[in-house]
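Before any comments, here is the structure.
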Amino acid sequence: MNEILSFNNVSFSYTPDIKDSRKAVDNVSFSINEGEWIAIVGHNGSGKSTLVKLVCGLLFPQDGEIRVMQNVLTEDNLWETRSSIGMVFQNPDNQFVGATVQDDVAFALENNGVPFEDMVERVHLSLKQVKMDNFLNHEPHHLSGGQKQRVAIAGALAMRPKLLILDESTSMLDPQGREEVLQTVQTLRDEIGLTVLSITHDVEEALLADRILFMNAGKKYAEGTPQEIFALGDKLVEFGLELPFATRMTNLLQSEGVQLVGQHMTEEELVNDLWTSNFNK
Amino acid sequence: MMEKMIFGRYIPGNSYVHTLDPRSKLVFVFAFIIIVFLANNAVTYALLLAFTLLVVLLSRIRLYFLINGLKPVILLLVFTFIIHILFTREGDVILDLGFLKIYEEGLKQGIFISIRFLVLVFMTSILTLTTSPISITDGIEVLLNPLKKVKLPVHELALMMSIALRFIPTLMDETDKIMKAQMARGSDLSAGPMKDRIKAVVPLLVPLFVSAFKRAEDLATAMEVRGYRGGEGRTRYRQLKWDWKDSLCLATLVLFAVLLFIYRS
């Protein structure tokens, strides 16, 4: 499997001159392979946003190295690296550069000097991929938050990125918009094998990932499948993270004396377990 | 009130004027502004008026709508007309009311100046009404391109303008939201003496500024991540196409200028 991104003992501090100051990212290592969906969770100030800034070269680490597509990220290959990473930020309004949907999708293409004919084709294709192809000439203020985020995804897709980073992209959306965006990302991943790195504190979103990286105070606290991470239970709550609804429900039922085995991530698992729990007696 | 204002508003359509290239429209309007000053007698001013009406007709924007939207300008026009009538004292007296004498030259000047003013306002309004702000920006960028040689940052200026335009509705929404939030906290923006009302605007502007700066920062990050590094080596998604229609439009203007030249005294 191809490695898309890796962090090797990366450390970063916003105030490197001050001795013993807390590091925003402290000795973090992990790697992402092609086609994987990784979620980074953690409460505010856990260093997850700094992590993203390091990936796209907005900040450079003081220690350790970051490799994107197996090349070490330096100031020299910054722009090539950025063109192979697509990013969707938190606020749907503040990342919409173009005057209309199609202009915005074309923005990254224009920046990278893609010829006009090629551009038209790519803009239409990527808008089709996020099902926004009927909105070509719409202006941003006539779109919903979810639609704007889908346009942002299309803008990233137009560059045919290897890696799509969602930096709390769903946190400002209503439940419907969130559903739209997550559905779009899931479809893309299934259809074109896009690698996804999502930064989130929404547990339901984290559950969609193959692996979860749990950050706390700049350090990687735990890494594993959603099952493994949410099995930590109280530890997560201690660090200010909520458990999935089904897990909380299981805990409550267990404390009421209902016989349930193990952890449940989704409502479906819980329901299945509930109605079969008395069969084996 | 905002509904009726037509300054800087764009009305989508597909008339002859709408489909023209923004470059030709811009050149047309600027040339027209100069040409207007060629007119100096009744025939030429009549020609000017007729030509302007023809353009309005071609843009398929209803004259009533145009006049209604330009009401404040027309008030100003009437005012200048009256001033001219009252204060120009040349030629024969055509009306003597005892306390007030109206001279021939005054009436003539008043009418001429009014027509000149009217056609200028009409033409520029037609430009903004039939061209989307973003097309105007594109047009200006291309037309100013030669100035790159003298180190004028043409691309940056155009981008700044288009981003400013793009954020107008966003900031309007924001203002509305902040206004409601302050009203919910008991601030009264619409009543009281002028001094109080101006004071009430401060808690509205401060949060707006703060959020605008935050937006600017976010936008800059997003642009950088999407590979923006100035106009160098950049391609354009919006292509401008010069058509025979555009050549026709400019040719007509030249013809018109010649006509004015012949008939002016």
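FYI, it's all coordinate maths here, none of it is from the lab. The shown structure was predicted, so the numbers you read here are calculated from the model rather than taken from an experiment. For neighbour counting, all protein chains shown are included, and Cβ atoms are generated from backbone atoms with ideal geometry for every residue, glycine included.
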Hey, got a sec? Which GluC sites (Glu not before Pro) in the range A:33-72 land in a DSSP loop and have at most 15 other Cβ atoms within 10 Å? A:GLU34
Compute the Rg/Rh shape ratio of the range A:106-235: radius of gyration over Kirkwood radius, all on alpha-carbon atoms. 1.03
Given chain B, what whole percent of its Cα pairs are spread farther than 25 Å? 63
Would you kindly work out the equivalent ellipsoid of the range A:59-155 from its C-alpha gyration tensor and give its semi-axes, the square roots of five times the eigenvalues, largest first in whole Å? 28, 16, 11
Restricting things to alpha carbons, tell me how big chain A is in terms of Rg and Dmax, in Å. 20.4, 69
What is the distance, in nm, between label points placed 7 Å from the Cα along the Cα-to-Cβ direction at B:LEU205 and at B:LEU49? 4.4
How big is the range B:162-225 by Rg and Dmax over its Cα atoms, in Å? 14.4, 49
State to the nearest 20 debye the size of the charge dipole of the protein assembly as shown about its Cα centre, where the only charges are +1 on K and R beta carbons and -1 on D and E beta carbons. 2380
If packing is taken as the mean number of other Cβ atoms within 10 Å per residue, what is the order of B:165-171, A:98-104, B:91-97, B:76-82, highest first? A:98-104, B:165-171, B:76-82, B:91-97
I'd like the distance separating the alpha-carbon centroids of the range B:16-61 and the range A:229-281, in whole Å. 75
Any idea what the relative contact order of chain B is, in percent, if you count C-alpha pairs under 8 Å spaced at least 6 apart? 29
Taking other Cβ within 10 Å of each residue's Cβ, how do B:ILE85, B:ILE11 sort, fewest first? B:ILE11, B:ILE85
Once you've got the Cα coordinates, tell me which of A:LYS235/B:LYS177; A:LYS131/A:LYS220; A:LYS48/A:LYS148 are over 32 Å apart. A:LYS235/B:LYS177; A:LYS131/A:LYS220
By the mean-Cβ-within-10 Å protection proxy, highest first, A:85-91, A:201-207, B:201-207, B:146-152 rank as A:85-91, A:201-207, B:201-207, B:146-152
Kindly express, to the nearest 10 degrees and within the range 0 to 90, the angle between helix B:22-35's C-alpha long axis and the longest C-alpha principal axis of chain B. 40
In deg cm²/dmol, rounded to 500, what helix-only [θ] at 222 nm does chain A give when every DSSP H run of at least 4 residues adds -39500 (n - 2.57) and the total is split over its residues? -11000 deg cm²/dmol
Hey, could you grab the Kirkwood Rh for the range A:158-276? Inverse mean 1/r over distinct alpha carbon pairs, Å, one decimal. 15.9
Could you tell me what percent of the DSSP beta bridges with both partners in the protein assembly as shown are antiparallel, to the nearest 5? 55
Restricting attention to the range B:199-242, which GluC sites (Glu not before Pro) occupy a DSSP loop and are surrounded by at most 13 other Cβ atoms within 10 Å? B:GLU232
For the protein assembly as shown, compute Rh as the Kirkwood radius over C-alpha pairs and then the Stokes-Einstein diffusion coefficient at 25 °C and 0.890 mPa s; write the answer in µm²/s, rounded to an integer. 87
May I have the pair-distance distribution P(r) for the range B:130-172, computed from all Cα-Cα distances with 10 Å bins from 0 and rounded to whole percent? 29, 47, 20, 4
DSSP beta bridges in the range A:3-232: the antiparallel percent, rounded to 5, is 50
Segment B:ASP96-B:ARG185, length gained on full extension (0.36 nm per residue, minus Cα span): 25.7 nm
Reach of B:LYS241 by Cα under 22 Å, taken over lysines that are not fewer than 8 positions away in the same chain: B:LYS25, B:LYS148
Using Cα atoms only, what is the angle between the long axis of helix A:101-111 and the major principal axis of chain A, expressed in degrees (0 to 90) to the nearest 10? 70
At a Cα cut-off below 17 Å, give the aspartates and glutamates reachable from B:LYS108, other chains included and same-chain residues fewer than 8 away excluded. B:GLU90, B:ASP92, B:ASP96
